[in-house]
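Undergrad: Take a look at the following structure, please.
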């Protein structure tokens, strides 16, 4: 008896990335230098500064707000129903609507948020707006 193959997980666009502010970098460098007066302080400050300059994903709610506003919808609120399920309430042309997304896998929170963002903005929202606009984008 052979088991049926599991369908592949559909890919989704990840959330936008951003660099932290220069103040965070400066704080990490100064914090490392103040932690010790030896060369280790410079090393710690450099390591912290390196971590501080790494591009970070935009928080899910902010990324969703930006994605929704790009198509003329106003995100009212985002509800998390556990790590894998998000429900969004939004306003479009004076009416309120909800859409849901449930990730088909369990992964890190960043991976889940990236998948949920892509699914909500590129698939669920687009599909619902097409229905609301009578098939027109």
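Undergrad: Being more than 14 Å from residue 14 (Cβ to Cβ) and without any contact (Cβ under 8 Å) to a residue 24 or more places away in the chain is the filter here; which residues of the stretch 102-123 pass it?
TA: 102, 106
Undergrad: Turning to a different aspect of this structure: For residues in the stretch 89-126 being outside any helix (DSSP H, G or I) and closer than 18 Å to residue 57 by Cβ, which is modelled with the highest pLDDT?
TA: We begin by selecting, within the stretch 89-126, every residue outside any helix (DSSP H, G or I); these are 89-108.
Next, only the ones that are closer than 18 Å to residue 57 by Cβ stay: 101, 103, 105, 107-108.
On the way: 101: 96, 103: 92, 105: 86, 107: 88, 108: 91.
It comes out as 101.
Undergrad: Out of 86, 126, report the one residue that is surrounded by 11 or more Cβ atoms within 10 Å (Cβ to Cβ), closer than 21 Å to residue 16 by Cα and either in contact with a strand residue (DSSP E or B) (Cβ under 9 Å, 6 or more places away or on another chain) or in contact (Cβ under 8 Å) with a residue 60 or more places away in the chain (or both).
TA: Values: 126 fails: either in contact with a strand residue (DSSP E or B) (Cβ under 9 Å, 6 or more places away or on another chain) or in contact (Cβ under 8 Å) with a residue 60 or more places away in the chain (or both).
Exactly one residue qualifies, and that residue is 86.
The values are calculated or read from the model by the stated rules, or taken from the named source; none is laboratory data. Fair warning: this is a prediction, and the values are worked out from it, not measured in the lab. Please note: Cβ atoms are built from the backbone with ideal geometry, for glycine as well, and neighbour counts cover all protein chains shown.
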